[in-house]
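So the structure is just underneath, and the comments pick up after that.
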Amino acid sequence: MDYLNLPKIDLHCHLDGSVRPQTIIDLSHEQNLPLPCSTVEEIQSLLVAPQTCQDLDEYLKRFELPLSVMQTKAGIERISYELFEDAARENVKYMEVRFAPLLHTQNGLTPQEIIESVVQGMKRAEKSYDIRGNYILSIMRTMPKDRIHEVLDCGARYLGDGVVAFDLAGSEQPGFCQEFIPYAQYALDKGYRVTIHAGEQGSGQNVEDAIKMLQAERIGHGIGIKGHDSAYQLVKRKAVALETCPTSNVQTKAVDSLANHPVKAFHKDGVQITINTDNRTVSNTTMTDEVRKVVEEFDLSREEYFEIYRCSVEQSFASDAIKQQLLRLN
């Protein structure tokens, strides 16, 4: 199978986890920011997480350096453009990128300016390459909640024009959904779609809560439903798609090895499965790598790959017109 030239869909990719090392060097010079080292190889070593981290929190530490150069409109716009450019070059046809606007306000940018910058970068890439995309606005579960409405109000101006969904991300604690019910409802009332990081670290109950309490249509990771029967059956019954990220799931110890990842068993049992990168730089991966790993590890046929591709298209938050274009590629 020619993995590079297969059409691919990435529905779970973080902007700040997918920054080119050279871009960090360039932007640090432009912004007069000190760096801990100077070569691309050294910077990359600081960005890429170990093959197996102690836990999710160790993995998340890799985002500190990229975020330091993502505090200007020009820097954010460039990184957005380059991410879509990198994806397009490996035949990703559609991508939904998520990011947390409040992580980019350290130097005084407003959420409006930040969201505008990422959308501009994406649209510039769409004009240059055969790729389409949308942004998902993440709220970090560990941050104060006093500006969530502001972020959603700013993003609402771009709904249907570059922004599509609301997400909760970051370190996952059991029972987190309860405190975010009013914010998810606010997002829904504004017209946002909903996808929630849940079940990444083994809590199937969080997946069930995200669907029932927050009305999640998709679940980021979600592999914690394995062994949690009520969450598993709910995901199947409601056809809630799981945004699986195989390399990342091994790194964060969500699973102990790719061979033990439940992606194939889920797919065989009718669970809606998508394959995604999570963080291209932090996980040192691409969609080509992720597809190759899953196809080869689980001996998937070309038709089985395209079943997952079609699921990704149908479960995306793209417009119906774009979905029809994407479905014609398989």
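The values are calculated or read from the model by the stated rules, or taken from the named source; none is laboratory data. Source: prediction; values computed, not measured. Heads up, the Cβs are rebuilt from the backbone with ideal geometry, glycines too, and the neighbour counts pull from every protein chain shown.
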For the stretch 266-284, name all the residues that are surrounded by fewer than 23 Cβ atoms within 10 Å (Cβ to Cβ) and of a type in the set (A, V, I, L, M, F, W, C). PHE266, VAL271
Residues that are surrounded by 24 or more Cβ atoms within 10 Å (Cβ to Cβ) and among the hydroxyl-bearing types (Ser, Thr, Tyr), drawn from the stretch 248-265: SER248, THR252
Would you confirm whether any residue within the stretch 99-122 is outside any helix (DSSP H, G or I), under 17 Å from the mean Cα position of the chain (by Cα) and either in contact (Cβ under 8 Å) with a residue 40 or more places away in the chain or within 21 Å of HIS12 (Cβ to Cβ) (or both)? yes
Among the residues of the stretch 77-92 satisfying the criterion of being buried (at least 23 other Cβ atoms within 10 Å of the Cβ) and touching a residue at least 60 places away in the same chain (Cβ under 8 Å), which is nearest to LEU6 (Cα to Cα)? VAL92
Of PHE84, PHE63, which residue is touching a Gly at 6+ places or on another chain (Cβ under 7 Å) and farther than 30 Å from GLN325 by Cβ? PHE63
Looking at the structure I just gave you, is ASN330 more than 22 Å from the chain's Cα centre (by Cα), at pLDDT below 95 and either assigned to a helix (DSSP H, G or I) or closer than 18 Å to LEU4 by Cα (or both)? yes
Which pairs have Cβ atoms under 8 Å, sit 6 or more apart or on different chains, and link a residue in the stretch 142-157 that is closer than 12 Å to ILE114 by Cβ to one that is part of a loop (DSSP other than H, G, I, E, B)? CYS154/THR110; GLY155/TYR192
Count - residues of the stretch 19-53 that are closer than 18 Å to GLN71 by Cβ, touching a Ser or Thr at 6+ places or on another chain (Cβ under 9 Å), assigned to a loop (DSSP other than H, G, I, E, B) and not polar (S, T, N, Q): 5
Positions within the stretch 154-201 being at pLDDT below 95 and among the acidic types (Asp, Glu), in sequence order: GLU172, GLU200
For the stretch 86-93, state whether one or more residues are polar (S, T, N, Q) and more than 23 Å from LEU11 (Cα to Cα). no
